[in-house]
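Participant: I have a structure I would like to understand better, so I am pasting it below and will then ask my questions one at a time.
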Amino acid sequence: MFEKFRLGKRGENIIFTIFILMYVAYCLNSPDMSFESFKTVLTIGLSVGIIYGLVALGISLIYTGLDVVNFSHGEFFMIGAFAGLTMFNILGNQDWIFNLFPEAYGWIIYVICLFTAFVSMGLFGVFIERIFLRPLTKKGGGYTVAGMGIIICGFGLSVVLINVAYLIWNPVAKPFPAELGLPMEIGGLFLPITYVWMIFVGLFVAGGLWFFLNKTKMGLGIRAVAFSKDVSNLVGINVPLYISIIFGIACAIAGIGGTLVGPTYQVVVFMGYIILMKAFAAAVVGGFGNLPGAIVGGFTVGIFETASSFYVSGSHKDLYAFLLMIIVLMIKPTGFFGVQVKMKA
Amino acid sequence: MLKVNQLVSGYGTVQILNGANMKVDKQSIVALLGGNGTGKSTILKAASGLIRSWKGTIEFNNEQIQNLPPHEIVARGLVQVTQGKDVFPAMSVTENLRLGGFILKTKQQLKDNLEKVFNYFPRLNERKDQLAATLSGGELQMLCIGRGLMSNPKMIMLDEPSAALAPQIVLDIFKNINRIRKDGLTVLVVEQNVRMALLLADYGYVIKDGVINVEGESKKLMYDESVKESYLGGTKANV
């Protein structure tokens, strides 16, 4: 009965083209079409994109290493932001740092905050994995078999972590007044320097992860564990330890993302949820489980979202990431860098 | 060197081994034969710690190793060599071999062992920068054996090294296994290719329904009627 409602390949293509033309027409119709404003859009898009990319990187890393999707990853992002903010509040009152480095005072404190978020979230991730996720694998078969239980546990963890953060830091949005110097002028608009700083730190973290995975012995072990737990066991890798390390690294990267976002936006208890959803869109766009794909997908989603909310309509900002995800899934279901299942990592 | 005593094990709730006994002497090649689903590979997996032993003991160098975590068994010098399909396809040959030497402490040891493996299998040296996914079946098997040798083991256990390979390549690989033995290692071979395995081995065990059915010197086993029956399910074929 529904047969006649189905469109052929050609029909799909026509509708698709109409949609894209409508989008382009909308963009061209916007009042501000100068190259200068495009530079602003690009900067903001890249800076938002690298944050999505960093969280997507963690999700992809956990997916390749543990064969499960971690739905509580946004909360590690949020708690990472709070960890950075707490460190900032502690260091902000210390006069001796100011006396020691009067010039680069704000920067040094901020870098310490980033480092704190990285380390504390890494340890927190290992703790969560050991205490809450590992017992689910007791029945045998490891993470691959216990997958569904762990995914549900991730949802639960997400709720629990939000409420714990609510108890500790209360739901009021908190400013993160990092003193990083004067705003920069990009495309006729004065943007805080944190936008550019986010891009550079994000790329540095992603590059560092690439170096770690490809050039060090521990990285080699992580790639082996991601491919096959059994064979990794047989070459003498301590697989349970490496699973903890993978989870810890993914959470540490999310924590850095949270602290990076802090000064530009604000730190709120509920910031993790929407970031998680956007990061999923980014991971899917880039190819789920592919690490460079996560960063590229993050950039794509970030730029598309910013450009759309600037040129088309800013009132539906959260819609565009998922629109892009649907479009990419229609054209290329594996995402940009989608690979065969067992060639991952 | 390796002593399996009344071993009972299986997968989940399915019991496969019903009290298997076997012994591997130092510097010997022992063949473990049997049809599909008789428990050959289960013994190997229990010995290398991939599955739990329910009852019985496994001794390696007079030390009980049953139910130790796999990486500690590797550290004690007992290494299982998987079938050729279990390499890391997205990594190069050298990276695969470096993974085999994961437990080594120094870079010098790694380098020496790499040279040793390339000495056994010159083919791998020619292909060392290629992705493992592009190797042929014989080369993959060589890579697996080489990876097993990288960690300086005292004993290696081979899981069907001749599976799905041309006879010429099987001969080549078996010659190398003999060379490895001459260099001081102990070898346990699990095989379906009875004739080849018995030609290579000093001693043989035939497993049936989870227990050792027949055992003996391989020269004797070669002409043993009960081996043919046990292995081929009663049909008198030319083994």
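Rule-based calculations on the coordinates, nothing more; no lab input. Note that the structure is a prediction, hence the values are computed from the model and not measured. When we count neighbours, we look across all protein chains shown, and the Cβ atoms used for this are built from the backbone with ideal geometry, even at glycine.
Participant: Can you work out D for the stretch B:2-71 in µm² s⁻¹ from Stokes-Einstein, where Rh is the Kirkwood radius over C-alpha pairs, the temperature is 37 °C and the viscosity is 0.692 mPa s?
Facilitator: In µm²/s, the coefficient is 267.
Participant: Continuing with this model, one more query. Would you mind giving the three semi-axes, in whole Å and largest first, of the ellipsoid equivalent to the stretch A:224-316 according to its Cα gyration tensor?
Facilitator: They are 34, 17, 9 Å, listed largest first.
Participant: Distance between the C-alpha centers of the stretch B:37-64 and the stretch B:71-128? Whole Å please.
Facilitator: Their Cα centres are 23 Å away from one another.
Participant: The stretch A:55-272: Rg/Rh from Cα coordinates, Kirkwood Rh?
Facilitator: On the Cα set of the stretch A:55-272, Rg over Rh gives 1.02.
Participant: Can you give me the C-alpha center-to-center distance between the stretch A:115-167 and the stretch A:310-338, rounded to a whole angstrom?
Facilitator: Between the Cα centres of the stretch A:115-167 and the stretch A:310-338 lies a distance of 29 Å.
Participant: Label points 7 Å out from Cα along the Cβ direction at B:ARG52 and A:LEU323: separation in nm?
Facilitator: Here the answer is 5.4 nm between the modelled labels.
Participant: Using Cα pairs under 8 angstrom and six or more residues apart, how large is the relative contact order of chain A, in percent?
Facilitator: Relative contact order here is 34 percent.
Participant: Follow-up. For the pair B:SER28 and B:ASN67, what calculated FRET efficiency results from E = 1/(1 + (r/R0)^6), where r is the Cβ-Cβ distance and R0 = 30 Å, to the nearest 0.05?
Facilitator: Plugging the Cβ-Cβ distance into 1/(1 + (r/R0)^6) gives 0.70.
Participant: Excluding residues fewer than 8 places away in the same chain, name every one of the aspartates and glutamates whose C-alpha is closer than 13 Å to that of B:LYS107.
Facilitator: B:GLU115
Participant: What is the ratio of the Cα radius of gyration of the protein assembly as shown to 2.2 N^0.38 Å, with N the residue count, to two decimals?
Facilitator: Taking N as the residue count of the protein assembly as shown, the ratio is 1.19.
Participant: Let me ask something else. Among residues other than B:TYR203 whose Cβ falls under 14 Å from its Cβ, what is the net charge (Lys/Arg +1, Asp/Glu -1)? Mind showing how you got there, number by number?
Facilitator: On the way: positive: B:LYS3, B:LYS23, B:LYS26, B:ARG181, B:LYS219, B:LYS220; negative: B:ASP25, B:GLU191, B:ASP202, B:GLU215, B:GLU217, B:ASP224.
Within the 14 Å Cβ shell, the charges total 0.
Participant: Among the lysines, which fall within straight-line cross-link reach of A:LYS278, defined as a Cα-Cα distance under 21 Å, with same-chain neighbours fewer than 8 residues apart omitted?
Facilitator: In chain and number order, the partners are A:LYS317, A:LYS332.
Participant: Going through the cross-link list B:LYS55/B:LYS182; B:LYS26/B:LYS219; B:LYS3/B:LYS175; A:LYS229/B:LYS105; A:LYS138/B:LYS45, which pairs have a Cα-Cα distance over 24 Å in this structure? Mind dumping the intermediate values first?
Facilitator: Working: B:LYS55/B:LYS182 34 Å; B:LYS26/B:LYS219 19 Å; B:LYS3/B:LYS175 26 Å; A:LYS229/B:LYS105 22 Å; A:LYS138/B:LYS45 19 Å.
Violating the 24 Å limit, Cα to Cα: B:LYS55/B:LYS182; B:LYS3/B:LYS175.
Participant: Step by step: find N for chain B, compute 2.2 N^0.38 Å, then divide the Cα radius of gyration by it. What's the final number? Provide the component values of the computation, followed by the final result.
Facilitator: On the way: Rg = 17.4 Å, N = 239, 2.2 N^0.38 = 17.6 Å.
After normalising by residue count via 2.2 N^0.38 Å, the value is 0.99.
Participant: Can you give the mean number of other chain Cβ atoms that lie within 10 Å of the Cβ atoms in peptide A:210-216?
Facilitator: On the way: counts 0, 0, 0, 0, 1, 0, 0.
Mean partner shielding for this stretch: 0.
Participant: Going by amide H atoms built from the backbone, whose H comes under 5 Å of the H on A:VAL267, apart from near neighbours?
Facilitator: Under 5 Å from the amide H of A:VAL267: A:LYS174, A:PHE176.
Participant: Determine, for A:ASP32, A:ASP95, B:ASP86, the number of other Cβ atoms within 10 Å of each Cβ, and report the residues in order from fewest to most.
Facilitator: A:ASP95, A:ASP32, B:ASP86
Participant: As a test of the definition: which semi-axes, in Å, follow for the stretch A:65-112 when you take the square root of five times each eigenvalue of its alpha carbon gyration tensor? Largest first, please.
Facilitator: So the three semi-axes of the stretch A:65-112 are 33, 11, 6 Å.
Participant: Per q in 0.09 1/Å, what log10 I(q)/I(0) does a Debye calculation on the alpha-carbon atoms of the stretch A:17-146 return?
Facilitator: Each listed q corresponds, in turn, to -0.51.
Participant: Please compute, over every Cα-Cα pair in the stretch A:176-285, the percentage with a separation greater than 17 angstrom.
Facilitator: Cα-Cα pairs of the stretch A:176-285 separated by over 17 Å account for 67 percent.
Participant: How many partner chain Cβ atoms sit within 10 Å of a residue's Cβ in peptide A:223-231, on average, as a whole number?
Facilitator: Numbers: counts 5, 7, 0, 2, 7, 4, 2, 7, 9.
Going residue by residue through A:223-231 and averaging, the value is 5.
Participant: If I build a Gaussian network model for chain A, linking alpha-carbon pairs within less than 10 angstrom, which residue out of A:MET78, A:MET271, A:MET148 has the largest mean-square fluctuation?
Facilitator: Checking each option, the largest mean-square fluctuation is seen for A:MET148.
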